Amino acid sequence: MLYHLYAIFNISLFVCPLFCIRNRLHSTELNAIEDLEERHRRLVELNIIEQCLNVYKTSVVQRRRLDTYFDKETKMSTPRIHPIVFDPQTGIIKSLKDDFEENLRKLKKSHDVFDVSSYTPKK
């Protein structure tokens, strides 16, 4: 019984974000797509974009990006996070176009995302 509960809990970590994306965040966009295959592909793309934002929100990534932002030898903050998807039917890796800056502005309203203006870099 315990194993089944553990398995259900682990599956819910992956399934719940998909329900959130489908039902709350992008329901209008997804429902407007008539072709089920295309709707599924778009759901996958939206999931990848959301997961990139989840990685970006982690404190480890935030701290590292701020530290490298102030580093004179680094051209841009690292790590850089790119939403890409692999289509096994075509064998093509597709870079997803997303307004990451707009998503970050939305995130700052609801999450504790680090701000450059209020950060003191490590010496």
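The values are calculated or read from the model by the stated rules, or taken from the named source; none is laboratory data. Just so you know, these numbers come straight off a predicted model, no measurement behind them. Quick reminder, even Gly has a Cβ in these numbers, built from the backbone with ideal geometry, and neighbours come from all protein chains shown.
Numbers below:
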| item | result |
| --- | --- |
| Residue identified as within 14 Å of the chain's Cα centre (by Cα) and either modelled with pLDDT under 80 or part of a helix (DSSP H, G or I) (or both) among Phe19, Phe114, Phe14 | Phe14 |
| Residue ID - farthest from Glu38 (Cα to Cα), chosen from residues in segment 71-105 that are surrounded by 10 or more Cβ atoms within 10 Å (Cβ to Cβ) and among the hydroxyl-bearing types (Ser, Thr, Tyr) | Thr74 |
| Test: residue in segment 54-70 that is loosely packed, with under 14 Cβ neighbours inside 10 Å, hydrophobic (A, V, I, L, M, F, W, C) and under 16 Å from Glu101 (Cα atoms) | yes |
| Candidates Arg39, Arg24 - the one that is modelled with pLDDT under 80 and of a type in the set (Lys, Arg) | Arg24 |
| Cβ pairs under 9 Å, 6+ apart, first in segment 36-48 and under 16 Å from Ile92 (Cα atoms), second crowded, with 16+ Cβ neighbours inside 10 Å and not polar (S, T, N, Q) | Arg42/His26; Arg42/Leu30; Glu45/Pro83; Glu45/Asp98; Ile48/Pro83 |
| Output for segment 68-98, where each listed residue is out of contact with any Phe, Trp or Tyr (no Cβ under 7 Å at 6 or more places or on another chain), farther than 23 Å from His40 by Cβ and modelled with pLDDT under 85 | Tyr69, Phe70, Asp71, Lys72, Glu73, Thr74, Lys75, Met76 |
| Matching residues, segment 61-76, being over 20 Å from Lys106 (Cα atoms) and not acidic (Asp, Glu) | Arg64, Thr68, Tyr69, Phe70, Lys72, Thr74, Lys75, Met76 |
